[in-house]
Amino acid sequence: MTGLLQLEWQRDTAGYEIVARPHEPNATLLTAPEGIYVVRRGGNMERYEPLKVPGLYRRLAESNETPAGARDFITEFGMPDNLIGDLYRVESFYRAVRNMRKAIALAEAREWQELVWAFDISGLHGAGVGNSRVVFEYHEGDERPTFGFRPRSLLAAIWLQFAYDYSTGQDAELRRCVWCPKWFRVGPGTGHRSTAVYCSPECQKAHADAKSKEPSI
């Protein structure tokens, strides 16, 4: 999937913080109206490939609808989009969380037609998935050109990841680590057995260490 969907995104290595903006006369969506925002701390911008992270849509849906929940998600993955540059309104984040929760609930209930309608409203239109760019490019040294789609934002990429997983059945490969909040894939070709419960040996060791320190009853 990461070969077909391509996105490099950025996150502030110094993290993000929560600020309240007062009312400003004639403010528009593009000039940041009043409200609570998550903002950059102003560190170096690190580039990474979010679509290599399994189950990003699950991580979004599990986020708390609080300013701290928005800040924590954005600190880990970067701004959902670049509509207002270095600011992201928490109300927009809450809406994204609720839309994804609804979509996952419909998918798990196998309400496919309702899911397609919901995706069209909250995913295709709300996340700008329809504005994704077709990529056909060649770099010196490559055996062949590459073809794929480049979403316009992190949020659009998350919706495309969701749609891909549920249309191909790869949602069944996902499992949540019992120690950390990460989701990971299990089964042939994933590096994890179908019975795996940890995303990494580090999590397995950390869980075992924590249990060994629990007081005996």
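The values are calculated or read from the model by the stated rules, or taken from the named source; none is laboratory data. Every value quoted in this text rests on a predicted model; they were computed, and no experiment measured them. Every residue, glycine as well, gets a Cβ built from its backbone with ideal geometry; the counts of neighbours run over all protein chains shown. Accessible surface areas use protein heavy atoms only, side chains included; no ligands, DNA or RNA. Shrake-Rupley method; radii C 1.70, N 1.55, O 1.52, S 1.80 Å.
The residues of the range 44-76 that are of a type in the set (Lys, Arg), in contact with a strand residue (DSSP E or B) (Cβ under 6 Å, 6 or more places away or on another chain) and closer than 21 Å to residue 5 by Cβ, listed by number, are 47, 58. Within the range 32-57, the set of residues being among the aliphatic types (A, V, I, L, M) and surrounded by fewer than 19 Cβ atoms within 10 Å (Cβ to Cβ) comprises 36, 45, 53.
With respect to the conditions (1) of a type in the set (Lys, Arg); (2) buried (at least 19 other Cβ atoms within 10 Å of the Cβ); (3) under 19 Å from residue 126 (Cβ atoms), residue 175 lacks only one, and its number is (3). The residues of the range 178-196 that are more than 23 Å from residue 159 (Cβ to Cβ), open to solvent by less than 60 Å² (accessible area, probe 1.4 Å) and in a loop (DSSP other than H, G, I, E, B), listed by number, are 180, 186, 196.
Of the residues 77, 136, 73, the single one that is without any contact (Cβ under 8 Å) to a residue 40 or more places away in the chain, hydrophobic (A, V, I, L, M, F, W, C) and touching a Lys or Arg at 6+ places or on another chain (Cβ under 8 Å) is 73. In this structure, residue 165 qualifies as touching a Gly at 6+ places or on another chain (Cβ under 9 Å) and either assigned to a helix (DSSP H, G or I) or open to solvent by less than 60 Å² (accessible area, probe 1.4 Å) (or both).
The set of residues in the range 197-209 being open to solvent by 40 Å² or more (accessible area, probe 1.4 Å) and either without any contact (Cβ under 8 Å) to a residue 24 or more places away in the chain or among the acidic types (Asp, Glu) (or both) consists of 197, 198, 201, 202, 205, 208, 209. Looking only at residues in the range 109-144 that are among the hydrophobic types (A, V, I, L, M, F, W, C), surrounded by fewer than 17 Cβ atoms within 10 Å (Cβ to Cβ) and over 20 Å from residue 168 (Cα atoms), which one is farthest from the chain's Cα centre (by Cα)? So the residue we want is 136.
Considering only residues that are of a type in the set (Phe, Trp, Tyr) and touching an Asp or Glu at 6+ places or on another chain (Cβ under 6 Å), which ones fall in the range 83-139?
Once the filter is applied, which keeps residues that are of a type in the set (Phe, Trp, Tyr) and touching an Asp or Glu at 6+ places or on another chain (Cβ under 6 Å), the range 83-139 yields only 94.
Scan the range 99-108 for residues that are surrounded by fewer than 16 Cβ atoms within 10 Å (Cβ to Cβ) and closer than 17 Å to residue 157 by Cα and the total you get is 0.
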